[in-house]
Structures are given as C-alpha cells and as structure tokens.
Amino acid sequence: MEIASPELISKYESVIGLEVHVQLSTRTKIFCGCPTSFGAAPNSNVCPVCCGLPGALPVLSRQAVELAIRGALALNCEIRPVSVFARKNYFYPDSPKGYQISQFDLPFAEWGYVDVVVNGEAKRIKVTRVHMEDDAGKSLHEGFRDSAKYTYVDLNRSGTPLIEIVSEPDMRSSDEAFAYLTELKQSIQFVEASTCDMEKGHLRCDANVSVRPWGQQELGTKVEIKNLNSFRFLREAIDYEIARQVGVIESGGKIHQETRLFNPDLGITVGMRSKEQAHDYRYFPEPDLAPLKIGDKWLTSIKSTMPELPAIRRARFATEFGLKEYDAQVLTANRPLADYFEAVAKVAGDPKIAANWVMGDLAALLKTSNKDIENSPVSAQHLGELVALIVKGELTGKLAKEVLPKMFESGDPAAVIVEREGLKTISDTGELERMIDEIIAANPKQVTEYRSGKVTLMGFFVGQVMKNSRGQANPAVVNDLVKAKLG
C-alpha cells in the first residue's frame, strides 16, 4: 500500500474527533462496593454485581457521580438535571453481563469545550457529550503453547467507573489532537476526578480520522483507531492514518469504514474489523436503575469545591507573576506543582527567580532521587526562604546552589545551614575593600592594562575577590568597589 507524500497530503484537509475514556478516582466500583485498587490478584476484586450473576442488582455510587460532574465541569459542560442509564448490548468474554451499563440519548453532561493553543494560534474544540458507564474486564492472551492459544479473563476491572468524553470533529491535525488531549488530561487531574495514569489504563483514547479535499463540505469516510494509550502513539497513529487514506484515494481506491489498531513497533495502523454496517447495540433504558437527578443544590455544592482550572491559572501566573508563557505552562503541568510554586513565590519575594529554582535546581534533584513534587524533602516554605535570601542579597546564587542539596538531604531550612557553615554573603565594605586592596597590590600588571583601556579585566578583579571570599562576597557591592578603586 502506498503512503502519500507530503505534497499530496497538503491537498487534503484532515478531520479528527476523539473519544476519551477516563477512569474515575473512586474507592469502589460504580455499581457495587468492590475496590478499584490496581494490581490486585486476578478476579479478587469481584462480587455478584460486577460478575453479572443473575439476581444481582446495581446501586449507583454517589462518589462516582460527583467525580463525573467535576470532570464535566472542568471541560465547561452543561450538566443535565435528569439523565438515564441504558443497557448497551454486546457479547465479549470480558463482559460478564452480556451488556454494558452506559448512557445513550440522555447523557448527564453535554456541550462543553476545550481551548488549546497550537503553533501560537488559539482554537476552541467543542465537547459533544460526557456520559458515565462501567468498564469491562480484561482479556489476557497467552502465546501458543502445545499448539493451543490460551485466553484468560480478569474481571477486576469490570464495573470500574468511567466517563467517556466525545469531541466534535473539530481537530485538523495530530498537533491539535495532542494539544486537546493534553489540556483535557490536565483539567481532569486538576479537579481530582481521575489520576489519568495511562500506564494503568486510567485514560484511553480512540481517534476518528477522515480526509477530504480542501473546500469540500461533505465529510470523508471515517476510520476509528482504537485504544491509543500514549500521547506519542496518538500523534503517530493520526499522522500515519492521514497519509494512508490520502494514498488510497490518490491511487483510485476507496476508504472503508472500519476499526483499526496502531502498531507502535512498525508505526502503522492495521485493520481490526469492518464497520460498514452500524453495530446494533439495542440500547434500552436500564430497568434496575432509576433516572439520575442532579438538583441545583447538589450541583452548586460541587461547583463551590472546584479548584482554579489550569488554563485560568496559567493566565494568572503570567499576569500576576510576570512569567513567560512557557514557564507558566510548565508550572501548571499538574496541580501539586502549581500549588508548590505559588507557595514558594509568596515567600520568595520574586516570582520569576522562584520559578527558575522550582523548574531548575529543585526539579533536577527530584529527578535524580526519583521523587515527585508532592514528596519533595524541601518544603515550599523552605525553598521560598532560600530564594528570599538571594533576593535580599544575603546569599549569592552560587552559594545557594550549594545550600539547596544540603536542604534536600537534611530537611533543614536555608538559614540554619547558612549559619552553621558560615556562608552568609559578605556586604561589609570595609572587609571587601581590604580584599580588593590586596588583589590590586598583587596584580600591578593587570592594573596598568586596565587603566590603559583594557576594561574587560574588570571581570578578572571581580573574579579574584569572589574566589578569595569563597563566593560569599556580594557581587554588586564588589563591582562598585572595584570600579572605584581602579578608577
């Protein structure tokens, strides 16, 4: 099969929509009391309800509903006051009931949006709907052994609560899809509706991709790429599929509606099953669950606990703290990091310097020790105090870089370490003048050259003072005094 060249691809407009499944951070499953803990022994977190045994009745989890609402509000959705659960009928080994409890024509949330910036241009991507459902189990496939292939079913995941987030087909490139999924993930994490841990399957994505000649209003035939479990794979799969579809059309072929899988080892999508005929799931209202009613009082209560969303926080960091767009983006990558930085900035007295220390030296220490910001041995208060010493001129930046690792190792505040090891900045002019006089007397040749016009030697004299003072001399004061002495 021929893959289209960039020149041919440029003749077509790609149309992309995403369906994102997010596992909610509940303690128990959506319709029973079984735990949702990851990594338990196979088929140990199960009961008659999530195993689909006859006579077992589902009971909707209030916590799941509240987290679902928080996730939908994070995506600017409208919450429907009455929604209905439905049975979605299909038969797979890992679906013990023979159907999934989901929401069909009356989801609990709809008409939201996610704002992204791609290549410097802002774009709003609309969210069609968000609905709740329970997850299926997991099939584990074992390779050929004794000429037989074995498949095992683990039902621990069966019944875990999900929200499915369906976008409009508003994206036109893999970069836009990447930006949309990034912003969606950050927003869901900020409101603590889900960890969105892709390695544990807490966030999974399907991409619907089609192409059409530029200017054509009619949509092309879409192909669904299932189970994309990383951001890199999402981008690679979409780019490949666009090139494949254009190649098929340009060679006179026809795109067939189908489901495909992405092979990351080969970097290609491969056919999974045809979807030429719409699958009849025979939806009907779930007879064992009453309609879900979300009253104004309950909704207002949930809204009152919503944190500041990442997009709003980024904008505030830029205006309130004067941060660059990139720095604000990095510092709002997750809520614990944003909270930590803001606490440091309030103590430090200079948010820009605080940002550099959080993103630079502290981040390097955390990475080396395999810790995250929530487990930092250096508290936000202590890092803020260290930066404040720099801002006030009581500690040089060079010495601060020696102090921070000692804070990281011991947990002691900066002031204690500075006092204990005698690292406080020397700003006393009398003491500094004595050092400068000694250096000038010891370097007559450099003094003569400087006074003859070789002003770059200023750095030599300042460097000698810093060396003799073990880096403790106040650089600003040293510069002024050296200029005066040599003038």
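Things worth noting here:
- Counted as qualifying within segment 281-360 are the helices (runs of 4 or more DSSP H) with 2 or more residues that are under 24 Å from Glu192 (Cα atoms) and aromatic (Phe, Trp, Tyr), namely 335-348.
- Count of segment 84-96 residues, restricted to those that are among the β-branched types (Val, Ile, Thr) and either under 9 Å from Gly52 (Cα atoms) or not assigned by TED's automatic domain parsing to the domain that holds Val130 (or both), is 0.
- Failed item in (1) in contact with a strand residue (DSSP E or B) (Cβ under 7 Å, 6 or more places away or on another chain); (2) surrounded by 12 or more Cβ atoms within 10 Å (Cβ to Cβ), with Arg235 passing the rest: (1)
- Hey, Ala136 small (Gly, Ala, Ser), farther than 19 Å from Glu110 by Cβ and outside any loop (DSSP other than H, G, I, E, B) or not: no
- Across segment 81-102, the number of residues qualifying as charged (D, E, K, R), assigned to a loop (DSSP other than H, G, I, E, B) and under 32 Å from the mean Cα position of the chain (by Cα) comes to 1.
- Elements of the type helices (runs of 4 or more DSSP H) sitting completely within segment 384-444 and holding at least 3 residues that are out of contact with any Gly (no Cβ under 9 Å at 6 or more places or on another chain) and modelled with pLDDT under 90: these cover 414-421, 429-442.
- For segment 31-38, the condition holds for at least one residue, the condition being that it is within 26 Å of Tyr281 (Cα to Cα), assigned by TED's automatic domain parsing to the domain that holds Pro291 and either hydrophobic (A, V, I, L, M, F, W, C) or not in a helix (DSSP H, G or I) (or both).
- Residue pairs whose Cβ atoms lie under 9 Å apart, separated by 6 or more positions or on different chains, with the first residue in segment 97-120 and over 29 Å from Asp175 (Cβ atoms) and in the same structural domain as Ser83 (by TED's automatic domain parsing) and the second in a loop (DSSP other than H, G, I, E, B) and among the basic types (Lys, Arg), are Tyr99/Arg282; Leu106/Arg80; Phe108/Arg80.
- Here segment 363-382 is the region considered, the condition is being surrounded by 14 or more Cβ atoms within 10 Å (Cβ to Cβ) and in contact (Cβ under 8 Å) with a residue 24 or more places away in the chain, and the residue that is nearest to Ala333 (Cα to Cα) is Ile373.
- Among residues of segment 330-359 that are touching a residue at least 40 places away in the same chain (Cβ under 8 Å) and among the aromatic types (Phe, Trp, Tyr), those with a Cβ under 6 angstrom from a residue that is buried (at least 21 other Cβ atoms within 10 Å of the Cβ) and assigned to a helix (DSSP H, G or I), sequence gap 6+ or separate chain, pair up as Tyr340/Ala380; Trp357/Val387.
- Search result, residues across segment 171-184 that are touching a Lys or Arg at 6+ places or on another chain (Cβ under 6 Å) and surrounded by fewer than 20 Cβ atoms within 10 Å (Cβ to Cβ): Phe178
- If you check Gly39, Gly55, Gly33 for being free of Cβ contacts under 8 Å to residues at least 24 places away in the same chain and either crowded, with 18+ Cβ neighbours inside 10 Å or in contact with a helix residue (DSSP H, G or I) (Cβ under 9 Å, 6 or more places away or on another chain) (or both), only one passes: Gly39.
The values are calculated or read from the model by the stated rules, or taken from the named source; none is laboratory data. Note that the coordinates shown come from a computational prediction; the quantities given were computed from them, not determined experimentally. Note that each Cβ is placed from the backbone with ideal geometry, even for glycine, and that neighbours are counted across all protein chains shown.
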